[in-house]
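Have a look at the structure below, then the notes.
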Amino acid sequence: MAAERLSSIVSQLTPGQKPLDKITQKNPDDVVITLAIRTPLCKARKGGLKDTPLDGLVFKILEQVVRKSRIDPQMVEDICLGNVSDAKAAYYVRAACLAAGFPNTTAASSVNRFCSSGLKAVQDIANQIISGSIEVGVAVGAEHMSTGGDRLERPFVDDIINSGVQDAADCLQPMGQTSENVGKDFNVTREQQDLYAAESFRRAEAAQKSGWFDDEITPITVKIDGKDVTINRDEGIRPGTTFESLSKIRPAFPNYGDRSTGGNSSQVTDGAAAVLLMKRSKALELNQPILAKFVGATVAGLAPRIMGIGPSLAVPKILGKYNLSIDDIDVIELNEAFASMAVYCRDTLKLDYSKMNPRGGAIALGHPLGCTGARQICTGLSECRRRKAKILLTTMCIGTGMGMAGLFVNEQLD
């Protein structure tokens, strides 16, 4: 049966295709996603995951990968964890995968490119599959911000600070400062930011009430203050949030400006997400459901002091690689690190706002740093499935001045 389906796929290949037709074409060697799940996103230090540290988070989500995919764990050759705040992440993912039921023949590693770490993990696994290094892998993004933080413990050495390269010194700027820089440099007003944030909360509230998150969230049972509790809902959504209520919140970074607040910036959050990837031919052989095709991902650099506008460089770069236009994209998940950068990127890229973050974004849902890149894929594919939409673009800004973007084809169209 698998051989017949592969033959059918190959027969669909035709010369002279349009760019969009080319990336949506099905090929046996495509890297595909067969599972994309996440935990609820919980308030750091006081929410449902506050007592579940990073190794516990990774264990819980990998346990769910085994249970929900029903794949033989021995088929998984590598697991890559995207995480920002914990230098011991490589220890944790290796131990967690073994405890979750993967054999000791399944390798594990961790990667860190700040807020894109979850997408970087997906790219790492996909590239290994493309190169033939592995056939099946799992990408995880996880962050326990209740105990972690990405601030430096000391300044850079004098050789860097005194190098005369301002961009190098600017890598020390706190994220809040970079948000205020974007607001001032590109005249993104406090009013624009609060209006944007209010809409993010409205969309997230509507999505939660409609049950749109239910198929991307996998409930998990954790300890909270010593008691077993099953959590299944995002905690950051604040029903009834309005522009008027947001406009009363004091600036969060008064030393740098007065436009970014706790209401129009991403929330400090705990969470994890996982994506199971393999070649299309392997998915057919294993009778795994094919959710989407991984097309590619890319990264771009820019001045660290305005790191927030990274998507405005990464998105055109990835579209250019596949000869696409922004009009070819059906759903866009753009990480709302701050409303300043979200407004700038939306307007500069001329994004159709009805396609961008239709379920709200990190302002309303939260931004567990290493998790977000994988979480966006879960949310975006779920929304594509709901809309019967085809092309998903995910993107985020990255601390120290970068942006990343990923491109996917939804195949859940029936």
For this session: Just check region 124-163 against the gyration tensor rule for me: Cα atoms, a ≥ b ≥ c as the square roots of the eigenvalues, rounded for a/c under 1.5, and otherwise prolate or oblate depending on whether a/b exceeds b/c.
Result: oblate
Exercise. Based on the alpha-carbon gyration tensor of region 116-273 and its eigenvalue square roots a ≥ b ≥ c, which shape applies: rounded if a/c is under 1.5, prolate if not and a/b is larger than b/c, or oblate?
Worked result: oblate
Seminar exercise, completed: Computed over the chain: longest principal axis from alpha-carbon atoms vs helix 54-69 long axis, angle to nearest 10 degrees, is 30
Seminar exercise, completed: Percent antiparallel among DSSP beta bridges confined to the chain, nearest 5, equals 75
For this session: With a 1.4 Å probe and every protein chain left in place, work out the accessible area per residue of the chain in Å², rounded to a whole number.
Result: 41
Exercise. Using r as the Cβ-Cβ distance of residue 109 and residue 209, and R0 as 35 Å, what FRET efficiency do you calculate, to the nearest 0.05?
Worked result: 0.35
For this session: Pop out the ³J(HN,Hα) list for region 100-113 in order, Karplus 6.51 cos²θ - 1.76 cosθ + 1.60 with θ = phi - 60°, rounded to Hz; leave Gly and Pro as x.
Result: 7, x, 7, x, 6, 7, 7, 7, 8, 7, 10, 9, 9, 10
For this session: Could you state the angle between the C-alpha long axis of helix 117-131 and the longest principal axis of the C-alpha atoms of the chain, as a value from 0 to 90 degrees rounded to the nearest 10?
Result: 30
For this session: Please report, to two decimal places, log10 I(q)/I(0) for the chain at q = 0.06 Å⁻¹ as given by the Debye formula with identical point scatterers on the Cα atoms and no solvent.
Result: -0.22
For this session: Run the quick spin-label model on residue 352 and residue 387: label points 7 Å from Cα toward the beta carbon, then report their separation in nm to one decimal.
Result: 0.7
For this session: Determine the gain in length on full extension of the stretch residue 221-residue 25; use 0.36 nm per residue of separation and subtract their C-alpha separation, reporting nm with one decimal.
Result: 66.6 nm
Exercise. Under 23 Å from the Cα of residue 22, which lysines turn up, not counting those fewer than eight places away in the same chain?
Worked result: 279, 282, 293, 317, 321, 355, 388, 390
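If you put +1 on each Lys and Arg Cβ and -1 on each Asp and Glu Cβ, how big is the dipole of the chain around its Cα centre, in Debye rounded to 20?
Once rounded to the nearest 20, the dipole reads 600 debye.
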Exercise. Using a ≥ b ≥ c from the Cα gyration tensor of region 327-386 (square roots of the eigenvalues), is it rounded, prolate or oblate, where a/c under 1.5 gives rounded and otherwise the larger of a/b and b/c decides, a/b for prolate?
Worked result: oblate
Exercise. Using a 1.4 angstrom probe and counting only protein chains, how large is the accessible area of residue 299 in Å², to 10?
Worked result: 40
Seminar exercise, completed: residue 325 and residue 166 label points (each 7 Å along its Cα→Cβ direction) are spaced in nm at 3.7
Exercise. So what's the projected area for region 33-183, the Cα convex hull averaged over all directions, in nm²?
Worked result: 11.5
Exercise. Dipole of region 204-350 (Lys/Arg Cβ +1, Asp/Glu Cβ -1, origin at the Cα centre): which of 278, 292, 263 lies farthest to the positive side?
Worked result: 278
Problem set entry | Debye, to nearest 20: dipole size of region 142-231, +1 on Lys, Arg Cβ, -1 on Asp, Glu Cβ | 320
Problem set entry | R0 of 45 Å, Cβ-Cβ distance residue 412-residue 187: FRET efficiency to nearest 0.05 | 0.65
Exercise. Over the heavy atoms of residue 367, what accessible area does a 1.4 Å probe trace out, to the nearest 10 Å²?
Worked result: 10
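How large a share of the accessible area of the chain, in percent, is made up of carbon and sulfur atoms when the probe is 1.4 Å and the other protein chains stay in place?
About 49 percent, which is the carbon plus sulfur part of the accessible surface.
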Exercise. Taking the Cα atoms only, what angle lies between the long axis of helix 175-185 and the longest principal axis of the chain, rounded to 10 degrees?
Worked result: 70
Exercise. Non-local amide H neighbours of residue 110 (under 5 Å, H modeled in plane, Pro and chain starts lacking H): which ones?
Worked result: 81
Seminar exercise, completed: Summing +1 per Lys or Arg and -1 per Asp or Glu among the other residues with Cβ less than 11 Å from residue 404's Cβ gives +3
Exercise. Would you list 202, 385 from the most to the least accessible area, probe 1.4 Å?
Worked result: 202, 385
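Quick one: plug the Kirkwood hydrodynamic radius of region 264-403 (C-alpha pairs) into Stokes-Einstein at 4 °C, 1.567 mPa s, and report D in µm²/s.
83
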Exercise. Relative to the compact globular guide of 2.2 N^0.38 Å, what is the alpha carbon radius of gyration of region 212-330, as a ratio?
Worked result: 1.52
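The values are calculated or read from the model by the stated rules, or taken from the named source; none is laboratory data. Worth saying up front: this structure is predicted, and the values here are computed from it rather than measured. FYI the Cβ positions are ideal-geometry reconstructions off the backbone, even for glycines, and counts take in every protein chain you see. Please note that ligands, DNA and RNA were not included when accessible areas were found on the heavy atoms of the full protein model with its side chains. Shrake-Rupley method; radii C 1.70, N 1.55, O 1.52, S 1.80 Å.
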